[in-house]
1. Determine which member of the set A:100, A:131, A:154 is out of contact with any Leu (no Cβ under 7 Å at 6 or more places or on another chain), under 30 Å from residue A:290 (Cα atoms) and within 12 Å of chain B (Cβ to nearest Cβ).
2. Which one is nearest to residue A:62 (Cα to Cα) among residues in region B:548-579 that are more than 9 Å from chain A (Cβ to nearest Cβ) and not in a helix (DSSP H, G or I)?
3. What number of residues in region B:31-49 are outside any helix (DSSP H, G or I) and open to solvent by 30 Å² or more (accessible area, probe 1.4 Å)?
4. Out of B:80, B:25, B:37, report the one residue that is in contact (Cβ under 8 Å) with a residue 24 or more places away in the chain, of a type in the set (Gly, Ala, Ser) and within 27 Å of residue B:254 (Cβ to Cβ).
5. Looking for something open to solvent by 20 Å² or more (accessible area, probe 1.4 Å), more than 21 Å from residue B:543 (Cβ to Cβ) and among the hydroxyl-bearing types (Ser, Thr, Tyr) - is there at least one such residue anywhere in region B:430-443?
6. Can you tell me which residue within region A:217-254, out of those that are basic (Lys, Arg) and in contact (Cβ under 8 Å) with a residue 40 or more places away in the chain, is least open to solvent (accessible area, probe 1.4 Å)?
7. Of everything in region A:82-97, what is in contact with a His (Cβ under 9 Å, 6 or more places away or on another chain) and either hydroxyl-bearing (Ser, Thr, Tyr) or within 14 Å of chain B (Cβ to nearest Cβ) (or both)? Give them in sequence order.
8. Name the helices (runs of 4 or more DSSP H) wholly within region B:261-365 that hold at least 1 residues that are of a type in the set (Asp, Glu), out of contact with any Leu (no Cβ under 6 Å at 6 or more places or on another chain) and facing chain A (nearest Cβ under 9 Å)?
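The values are calculated or read from the model by the stated rules, or taken from the named source; none is laboratory data. Predicted model, so just to flag it, every value in this text is computed and none were measured. Note: ideal-geometry Cβ built from the backbone for every residue, glycine included; neighbour counts use all protein chains shown. Note: areas computed on protein heavy atoms with side chains; ligands, DNA, RNA excluded. Shrake-Rupley method; radii C 1.70, N 1.55, O 1.52, S 1.80 Å.
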2 protein chains.
Amino acid sequence: MSAADLMAVLIARHFRYDPDAPRDASNDHLVFSKGHASPLLYAMFKAMGFIDDEEFLTYRRLGSRLEGHPVPILPWVEVATGSLGQGLPIGVGMAIAGKHLDRLPYRVWVLCGDSEMAEGSMNEALEHAGHLGLGNLIAIVDVNRLGQTGETMHGWDLDAYRDRAEVFGWRTIEVDGHDPAAIDGAYAQAAAPDGRPTMIVARTIKGYGVGEVANKEGWHGKALAHPEQAIAELGGERHLLVPPLKPARLGDPHRFPAGRLELPRYPVGSEAATRQAYGDALAALGSARGEVVALDGEVSNSTFSEVFREAHPERYFEMYIAEQQMVAAAVGIQVRGWVPFASTFAAFLTRAYDFVRMAAISRADIRLSGSHAGVSIGEDGPSQMALEDLAMMRAVHGSTVLYPCDANQAAQLVALMADLTGISYIRTTRAKTPVIYGPDERFAVGGSKVLRSSGDDQAAVVTAGITVHEALKAADTLAKEGISVRVIDAYSVKPIDAATLRRAAAETGGRLITVEDHWPEGGLGAAVLDVFADEDLRPRVVNLAVRDMPGSGKPDELLAAAGIDAAHIADAARRLARAGPQIGSLERRT
Amino acid sequence: MSAADLMAVLIARHFRYDPDAPRDASNDHLVFSKGHASPLLYAMFKAMGFIDDEEFLTYRRLGSRLEGHPVPILPWVEVATGSLGQGLPIGVGMAIAGKHLDRLPYRVWVLCGDSEMAEGSMNEALEHAGHLGLGNLIAIVDVNRLGQTGETMHGWDLDAYRDRAEVFGWRTIEVDGHDPAAIDGAYAQAAAPDGRPTMIVARTIKGYGVGEVANKEGWHGKALAHPEQAIAELGGERHLLVPPLKPARLGDPHRFPAGRLELPRYPVGSEAATRQAYGDALAALGSARGEVVALDGEVSNSTFSEVFREAHPERYFEMYIAEQQMVAAAVGIQVRGWVPFASTFAAFLTRAYDFVRMAAISRADIRLSGSHAGVSIGEDGPSQMALEDLAMMRAVHGSTVLYPCDANQAAQLVALMADLTGISYIRTTRAKTPVIYGPDERFAVGGSKVLRSSGDDQAAVVTAGITVHEALKAADTLAKEGISVRVIDAYSVKPIDAATLRRAAAETGGRLITVEDHWPEGGLGAAVLDVFADEDLRPRVVNLAVRDMPGSGKPDELLAAAGIDAAHIADAARRLARAGPQIGSLERRT
């Protein structure tokens, strides 16, 4: 109710939107950063004629499109909100798309709560919007003074919000959020671009219009005790229809040139880092497809997104060291059909986990690249080593998790990512690794490659990334000892190639070794165990992973110290070979 | 080199520190928020006489204490840094400890990089330090203009940093970072408290003093090409000894009263939410132990940390909606021996994952509570449902992960957490659940409880939290059908009670069902599979977990829709009972 007047004036006089063509490029965009104001959003949909009373009354019921917080299963909702502090950074992404990609003057309206201004991600958004001069972005801050548990840090001190926004380069307008004429004037001013984003700081009253709750604590997220009385106070039951203004046709969105995909080719036997291949392939993909966009967290010379930046500077966005804003911008950019790839050190993607989680709820298609995986980075030490990223990314609904071991494979996987839906993640390695696949080898999401195999394998090593090369060394050593081990490059960690794993289990007498430059929890080993959990044939699985806190050292030393190098793999294989088949007669029978 | 003059003046004239008693309450604190400046930090340790040349030359070698980024295996380092944007928020925690807990006038000096000011977490720190009036906190911002890949957003625009700090209520001093007298004056001014935190904004030159690299791009993190020449330029090899100033004895740290622990007691057969028990127990713990402190992300009436706040307002810190700052403050507070518990919705702890990861590298002892786990929260929808928190927290080095199913158990576990080292996490449930344990029942980290068992169990259900009650219902239903299932309450998800699981596998013919209100990846099911991976006896494990994106609905409806309610558990048990024993003769023999 605090923001009802703000939104009523917006839809009556400023919001330009064609509900019959919700993806039309001429539409304005509206994000409820304060997603818990969903009753207001749905009331707007009702007022604009998008939903009827019957559907409105399904609010928060099982199967309803009207969930507790907005999600894009509704055609008029573009991103999920409900984790506070995300709508404005996502709006920054939409505004980037408008100004720099589509190059159309649609506006991005974001309704923000005052409580959520405490999130650092909101400051990242303020900083980036100011820096980029996003004059098409309008934040409406509903300063109703009351958070969930009590008064916010700044209460009704509107100047606190105004001063913070201005220092980041925003134009600001303070307004009484219950004065329709004042709101109308503010919107008109905001919509007249002056090259700066605009923040409308509105003084409002929580529960406005209903005496029982107005400006009172203890009512956050609660139903009214006396709804009939409230309806009467608000003027009785009404059925206003306020269709949004039809947008003027703004013209066709800008399109960047496209061509034939010519992925980089690395000669077998040479050495190249998969992170280098990420950058090379992304640049090639950018040349082939004009809709591909790159973002980076100020480490483009480490992730090699700099190759894309140099090739396609107009489609590269420097997000500085602000990983939350980076992922949020990717979400905002993909709303308009662009294909964003965002990169930083894999370890620092942990900074944006809430944004990745929410991106999945947004049904967003975004691609993330995390470089410098695992202890193999060497001297920089554990703060820079991603050792939880596979667990983190696997536990995202509908995600794809890829982990290449060589440059040609990495390049092919990057190309595949462009067409994936949902959250896709590629994990790259700092060190140069041997190129073992020819440039014409093909890979698939859900695939794997068997790199060593004989008719009589006594174990199978399942691994991905840098430890593939350790497994190959181990296999060569073991072969000299008369022990044959299969080596499986499980580059698609999620979905994993269950069929190949099943065959390996059956053909090795149920003797598997998983190897990963990652903590033991939630990574490749867990993915392999999951395949067999509820099957008749359940192999023994030795999981080699990083179990002690690493320090600095040379990559080889750290792989050895973690027990995931060739020597440890060979030891595990010898033990399994000695132990004999691990599948009992019961399983063999089934 | 950009910050060398800043730090030289600090240790020569202002930093008060007794290296022989690094945990002494009278010491100042120093945090290198720009952890990549570790060579400078170690050079300071050399200059102050803490390390010798021989050790200095072990920098970044395997086994050295001098890692690529500082970690607290060095006695003079209190927290790990290297993920940018964390040192200042942690410094806020230390300053909170000084002002509000220890109540001693030690100072907290934080060296910040200019690049990292782009992290939203730095703004959270600025906001909180200003709000709390942390006059004991001094941030020194090394504005050397150059980030890793090029110029920062603000270059040498010192005013940009000054204005941002001032708007958050900081005192600021701009200074030439290579003018020792000016630096000295700035520190003297900063150390004279005026109730505001102080930011010293220093204009510096990256690579100062060495022509080859000074103010040049492309040298971030790289060794000099001509070190001999650089040493000559810097005045030749020198061996200055600059011991820090001995701190004046500031007096004894404040202590809060302590008493006997009287945990809340809930009658068996009643209903209570585990989140309520968290708050009740935390308040009781606070009465028993004066060192217990609580923080919350502005949802204390949901997490029930409000019970602590009301009982011990002096030891409760409202972190508003700033989860990164909340976890960082906990890390800073525990440096001084306090025992912090930080709570928010479990879903929103994803916001702080990088801080949790780094806290483990800091060897910090912090306790986290995540409420509103899983689909069982009901109508609020997926943005508020933690479905990845078990995976996230299990993949933290040395972590403890607890998930109680009833209020007495939750209370006991909260009490245990106070004495745990490392990162410990308790997952609580929104709904009221039946109290099934008596208030005198005891629980242990690494323990479990067998709630139903007969001599002839045909399957075992392993679960925790809200689904324990579903499992009990299923067991009761199945008993009427003549199917006996064991029910194991695996409240300690990490470490898990392997012995009890092994016994269950052996005694049920290898028929296990895991049930969790969580995505299938990385949670309880994965923990159970991990126990058996490399063992002779490997049971079949049916993993019931949330596999589709949930929406809104009633808790019971959502548990059913996710396939983790009593009916689905019973179905899985019937299937296993029909299937017969799952352990082959080979395993039975071993």
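1. Testing whether each residue is out of contact with any Leu (no Cβ under 7 Å at 6 or more places or on another chain), under 30 Å from residue A:290 (Cα atoms) and within 12 Å of chain B (Cβ to nearest Cβ) leaves just A:131.
2. The residue in question is B:550.
3. Here the count works out to 1.
4. B:25
5. No, there is no match, as no residue in region B:430-443 is open to solvent by 20 Å² or more (accessible area, probe 1.4 Å), more than 21 Å from residue B:543 (Cβ to Cβ) and among the hydroxyl-bearing types (Ser, Thr, Tyr).
6. If we take residues in region A:217-254 being basic (Lys, Arg) and in contact (Cβ under 8 Å) with a residue 40 or more places away in the chain, then A:246 is least open to solvent (accessible area, probe 1.4 Å).
7. Across region A:82-97, the qualifying residues are A:82, A:83, A:84, A:89, A:92.
8. Filter on region B:261-365 gives B:306-311, B:323-335, B:353-361.
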